[in-house]
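Engineer: For reference, the structure I am asking about is given below.
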Amino acid sequence: MLAIFGYKADVIGRKGNFKAIDTAMGHDLKTLEELVELRGEGGDNAIAGRERFLIAEEFPILVDECDNSTHWIKRHAKRGRRYKQFICALAQNDTAENYGLQGDKDTLYSCFVLVRLGQFGRDYARTKLKDPQLEQWLKAGGKRRFMVDDCPCELDLSNWGATAIAQPENSGGGEKELRSTQDLNEYEQFILTWGQEHPGELLKARIVQQRCNMLKKDDPENIRIFFQSLADRGLGEVEGNGDRLGWRWSK
């Protein structure tokens with residue numbers, strides 16, 4: 001169970017358990033059909049309190065590994081909003097194929113808001129919008145700036161993490177740290193393990209790319225976001241800014 005901005009979230013498919021993810025997608029589809037029937041019989045009041053927000057990470061992999069993935073994204077894209085079943089699907093680019101929507105790109109562009117982060121946002125500004133000034137604006141803002149469809153956006157990170165971290169139930173720091181480490185994704189866990197094995201050493205994105213095959217070709221800015229995320233949760237500390245940002249383990 002993961003706490004996100006005060007809400008409880010179930011995490012399914014840890015350590016690449018695609019069977020569990022596929023099963024959960026099947027349950028989501030059954031839930032959606034149940035809500036369709038309930039609303040048809042009793043109106044909006046019949047589905048009150050059944051709102052959900054579902055996040056599917058690395059969706060191209062899910063397309064390859066989960067039989068329910070294409071049906072899951074199509075059904076929720078076209079019918080989910082009416083029944084308050086909202087989804088967020090994450091991928092490295094916005095081709096229809098990456099979302100299991102081959103030959104149906106209209107569904108992707110008409111039913112979703114596309115958020116492009118980091119290098120993907122800058123590439124979109126340069127190649128699709130032909131706006132080098134916007135590209136430079138995005139680059140200058142780092143992870144605070146991104147694209148939402150064709151609109152540039154800037155996120156206020158001054159209080160980032162302040163409300164997202166669940167407060168410990170008692171004064172003992174050990175319990176809070178344990179909960180934090182249980183919520184890590186595999187990339188953050190790699191960084192944390194490296195830091196604990198190399199106490200006091202400053203870890204840079206370049207070293208992560210050299211040591212972690214999963215992140216070898218990733219944008220260094222994304223790795224720095226992992227650094228900041230760990231520090232925001234009290235796991236280590238960051239040093240430097242922009243391209244010079246690094247992370248080290250500290251208690």
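Throughout, read-outs are computed from the coordinates displayed, never taken from laboratory work. Because the structure is a prediction, the values reported are computed rather than measured. Cβ sites come from the backbone with ideal geometry, for glycine too, and all protein chains shown count toward neighbours.
Engineer: Tell me the net charge near residue 143. Cut-off is 9 Å between Cβ atoms, residue 143 excluded, with +1 for each Lys or Arg and -1 for each Asp or Glu.
Structural biologist: Net local charge, residue 143 excluded: +2.
Engineer: Let me ask something additional. Listed highest first by mean packing, meaning other Cβ atoms within 10 Å per residue, what order do 145-156, 58-69 come in?
Structural biologist: 58-69, 145-156
Engineer: Here is a further query. Across bins of 10 angstrom width beginning at 0, how are the C-alpha pair distances of segment 173-248 distributed, in whole percent?
Structural biologist: Answer for segment 173-248: a P(r) of 19, 57, 21, 2 percent.
Engineer: Of 78/143; 74/105; 74/130; 78/128; 19/78, which ones are farther than 20 Å apart at the Cα?
Structural biologist: 78/143; 74/130; 78/128; 19/78
Engineer: So for each of 195-205, 45-55 I average, over its residues, the number of other beta carbons within 10 Å; can you give me the resulting order with the highest mean first?
Structural biologist: 195-205, 45-55
Engineer: Next question. Just how many % of Cα pairs in segment 24-137 lie over 26 Å apart, if you round to the nearest whole percent?
Structural biologist: 30 percent
Engineer: Moving to a separate point now. Under 13 Å from the Cβ of residue 129, count the other residues' Cβ atoms, weight Lys and Arg +1, Asp and Glu -1, and hand me the total.
Structural biologist: Taking every other residue near residue 129 into account, the sum is 0.
Engineer: For residue 107 and residue 214, calculate 0.36 nm times their separation in residues minus their Cα-Cα distance, and state this gained length in nm to one decimal.
Structural biologist: My answer for the length gained is 35.5 nm.
Engineer: Net charge near residue 26, counting Lys/Arg +1 and Asp/Glu -1 over other residues with Cβ under 12 Å of its Cβ?
Structural biologist: It works out to a net charge of -1.
Engineer: Is it possible to state the helix-based mean residue ellipticity at 222 nm for the chain, with each DSSP H run of 4+ residues giving -39500 (n - 2.57), the sum divided by total residues, to the nearest 500 deg cm²/dmol? What is it?
Structural biologist: -13000 deg cm²/dmol
Engineer: Select from 215, 195, 235 the residue farthest towards the positive end of the dipole of segment 173-248; place +1 on Cβ of Lys and Arg, -1 on Cβ of Asp and Glu, and compute about the Cα centre.
Structural biologist: Farthest along the dipole direction, towards plus: 215.
Engineer: May I pose another question? Based on the alpha-carbon gyration tensor of segment 40-99 and its eigenvalue square roots a ≥ b ≥ c, which shape applies: rounded if a/c is under 1.5, prolate if not and a/b is larger than b/c, or oblate?
Structural biologist: prolate
Engineer: A follow-up question, please. With a point put 7 Å past each Cα toward its Cβ, work out how far residue 53 is from residue 232 in nm, to one decimal.
Structural biologist: 1.3 nm
Engineer: Can you give the Rg to Rh ratio of the chain, both from alpha-carbon atoms, with Rh computed by the Kirkwood formula?
Structural biologist: My calculation of the ratio gives 0.98.
Engineer: Right, something else. Calculated FRET efficiency, residue 92 and residue 71, Cβ-Cβ r, R0 22 Å, to nearest 0.05?
Structural biologist: Calculated transfer efficiency: 0.50.
Engineer: Please compute the length gained on full extension between residue 84 and residue 37, using 0.36 nm multiplied by the number of residues separating them and subtracting their Cα-Cα distance.
Structural biologist: Computed gain between residue 84 and residue 37 is 15.5 nm.
Engineer: Report the charge-dipole magnitude of the chain in Debye, nearest 20, computed about the Cα centre from +1 at each Lys and Arg Cβ and -1 at each Asp and Glu Cβ.
Structural biologist: Dipole size: approximately 360 debye.
Engineer: Between segment 193-222 and segment 9-51, what is the separation of their alpha carbon centroids in Å?
Structural biologist: Using only Cα atoms to place each centre, the spacing works out to 37 Å.
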